[in-house]
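J.: What follows is a single structure, and I will ask about it in a moment.
FYI, it's all coordinate maths here, none of it is from the lab. Just so we're clear, the structure is a prediction, and the values are computed from it rather than from any experiment. Cβ sites come from the backbone with ideal geometry, for glycine too, and all protein chains shown count toward neighbours.
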Amino acid sequence: MEKLLITGAGGQLGSELTLALAETYGENSVLATDVNPAAEKILKGIPFRPLDVMDARSIAMLVEKEKVTQIYHLAAILSAVGEKQPLKAWSLNMDSLLSVLELAREKKLSKVYWPSSIAVFGPNTPSHQTPQNCIQDPRTVYGISKQAGEKWCEYYFLKHGVDVRSLRYPGLIGYKSLPGGGTTDYAVEIYHKALEGKTFTCFLKKDTLLPMMYMPDAIKATLALMEAPKNQIRIRSAYNVSAMSITPEQVYQSIREHLPEFNILYEQDYRQAIADGWPRSIDDRNARDHWGWRPSYDLPKMTQDMLSHLPNYFPHLYEQPH
Ligand code: AKB
C-alpha cells in the first residue's frame, strides 16, 4: 500500500492538495506535515505531524516509522517573502529538496512530487507563449531556487532513477486557503476584499498580465501528472502548465459583474518588478500531449465559483451586521 507524506500541508497549495489526496487515496494513506502545528486544524482530521523540513533527520525518521512510499514536498518560501529573506529562502527551498531527493534515492520511494513555478523565467525569457525550453533568467531567489531545483529533480531521475515529477505552476487562486508571500497573491486577496465590501488596494499595475490558474485546475493537473504511467512523463525538470492570462483590472471587472459597488486602487510596490520579469502566457503543449492536460476554468467561471464559495470558508470575515 502506498503512503503519502506531504510537507507544507498547511500552505496555500498544501491545504487543498492534501484534502484531494486524502479523498483520492483514503485518509489513512496520507500523512500531512507542516512546521506550523496550527495547520492540523484546517486539515479536517487527516493524520498530521508537525515537521520542520530543515531537519533532514526528522523527515528520514518519519519516512521510516510511517513506512512512507511517496513524498509531496510542498514546503517553500515564495517570491515576495523570499526577497525579504533571500538566504533563508535559498536554504529552505534547496536544502529541503535535496534532503527529500536523497531520501527518495536511499529508501527507493516510489514517487516524489515537487512544485516548480513560472518564477523560473525572467526578463530575457520570451514572454508570450513561453516555451517549455528557453532562456530562464530568474531574478528572484525563489525563482533561482526553483530553476536549480528543477535541474536537481532531473538529475536524480537520470542518475538514480528517482521518479520525481513537477509542474511549473502559474499564480494559484483558490477559496479554501490564503496565499502566503507570493507576487500573484493579489488575485486571491481581491476576492476577499470584494466580499468584505472594502476597497482593494492592488500592489500591481492594472495592466500587469500574468498566467494564473484556479485551484481545482491545479489540483487536477497535479493528480493527473502523478497518476500518469511513468513512460508518459518525458520531462523530468518540470512541465509548463497554463489555464488563463489575466490582469488585475480584468479580475476587478469580472468581480464587478457580481458586485457593482466594488472599488479598486492601484499602488504598485516592489512586487511589480518581480511580475514584470515573468511570462505573460505559457505554452503548455507538452503537458497536453504527454499526459492529457486540459484546464476547466476561465476568468468568468472562476469568479463565479470564488464568490459563491468564499463566504462558506471564511464566514467570520463576511458576517453581515444584524
Ligand atoms: C508567487 O507569486 O511567488 C507564486 C508563484 C507564481 O510561484 N504564486
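J.: What is the range 101-146's relative contact order, in percent, from Cα pairs under 8 angstrom and six or more apart in sequence?
T.: 36 percent
J.: Going Cα to Cα from Lys198, which lysines come in below 22 Å? Please leave out same-chain ones fewer than 8 positions away.
T.: Lys176, Lys206
J.: Placing +1 at every Lys and Arg Cβ and -1 at every Asp and Glu Cβ, with all other atoms neutral, what dipole size does the range 18-168 have around its Cα centre, in debye to the nearest 20?
T.: Roughly 120 debye, rounded to the nearest 20.
J.: Can you tell me the FRET efficiency between Lys198 and Ala273 if r is taken as the Cβ-Cβ distance and R0 is 35 Å, rounded to the nearest 0.05?
T.: According to the calculation, E is roughly 0.85.
J.: Could you list which residues have their amide H under 5 Å from that of Asp137, counting only those 5 or more apart in sequence or on another chain, with H placed in the peptide plane?
T.: Gly122, Asn124, Thr125
J.: Here is a further query. Would you calculate, for the chain, the mean residue ellipticity at 222 nm contributed by helices, counting each DSSP H stretch of 4 or more residues as -39,500 (n - 2.57) and dividing by all residues, to the nearest 500?
T.: -13000 deg cm²/dmol
J.: Which is farthest toward the positive dipole end of the chain among Met54, Val164, Phe314, measuring Cα position about the Cα centre, with Cβ charges +1 (Lys, Arg) and -1 (Asp, Glu)?
T.: Result: Val164, furthest along the dipole toward the positive end.
J.: Can you list the trypsin sites (Lys or Arg not before Pro) in the range 230-296 that are in a DSSP coil and have 12 or fewer other beta carbons within 10 angstrom?
T.: In loop regions of the range 230-296 (DSSP not H, G, I, E or B), the sparsely surrounded trypsin sites (Lys or Arg not before Pro) are Arg234.
J.: Whole-Hz ³J(HN,Hα) for each residue in the range 123-134, computed from phi via Karplus 6.51 cos²θ - 1.76 cosθ + 1.60 with θ = phi - 60°, x for glycine and proline: what do you get?
T.: Ordered by residue, 3J(HN,Hα) equals x, 8, 6, x, 8, 9, 6, 3, x, 4, 10, 6 Hz.
J.: Counting other Cβ atoms within 10 Å, keep those with at most 12, restrict to DSSP loop, and tell me which trypsin sites (Lys or Arg not before Pro) in the range 161-202 are left.
T.: Qualifying residues, ordered by number: Lys198.
J.: Could you give the C-alpha radius of gyration of the range 180-274 expressed as a fraction of 2.2 N^0.38 Å, taking N as the number of residues it contains?
T.: That ratio works out to 1.33.
J.: Could I ask something else about it? Let's see if you can work this out: charge +1 on each Lys and Arg Cβ, -1 on each Asp and Glu Cβ, no other charges. What is the dipole magnitude of the range 222-322 about its Cα centre, in debye to the nearest 20?
T.: Roughly 660 debye for the range 222-322.
J.: Packing-wise, with mean Cβ within 10 Å as the measure, how do 3-11, 77-85 rank, highest first?
T.: Going from most to least packed, we get 3-11, 77-85.
J.: I need the trypsin sites (Lys or Arg not before Pro) found in the range 34-64, filtered to DSSP loop residues with at most 14 other beta carbons within 10 Å of theirs.
T.: Of the trypsin sites (Lys or Arg not before Pro), the ones in loops of the range 34-64 whose Cβ has at most 14 other Cβ atoms within 10 Å are Lys44.
J.: Could you work out the pair-distance distribution P(r) of the chain from its alpha-carbon pairs, with 10 angstrom bin width and percents rounded to whole numbers?
T.: 6, 27, 36, 23, 7, 1, 0
J.: Would you please report the Å³ per residue occupied by the convex hull of the alpha carbon atoms in the range 1-96?
T.: 88 Å³
J.: Also, quick follow-up: Could you give me the radius of gyration and the Dmax of the range 13-52, taking only the C-alpha atoms into account and expressing both in angstrom?
T.: Rg, Dmax (Cα atoms, Å): 9.2, 26.
J.: For Cα pairs less than 8 Å apart in space and 6+ apart in sequence, what is the mean separation divided by the residue count of the chain, i.e. the relative contact order in percent?
T.: Answer for the chain is 18 percent.
J.: Please report, in debye to the nearest 20, how large the charge dipole of the range 1-42 is about its Cα centre when each Lys and Arg carries +1 at its beta carbon and each Asp and Glu carries -1 there.
T.: 80 debye
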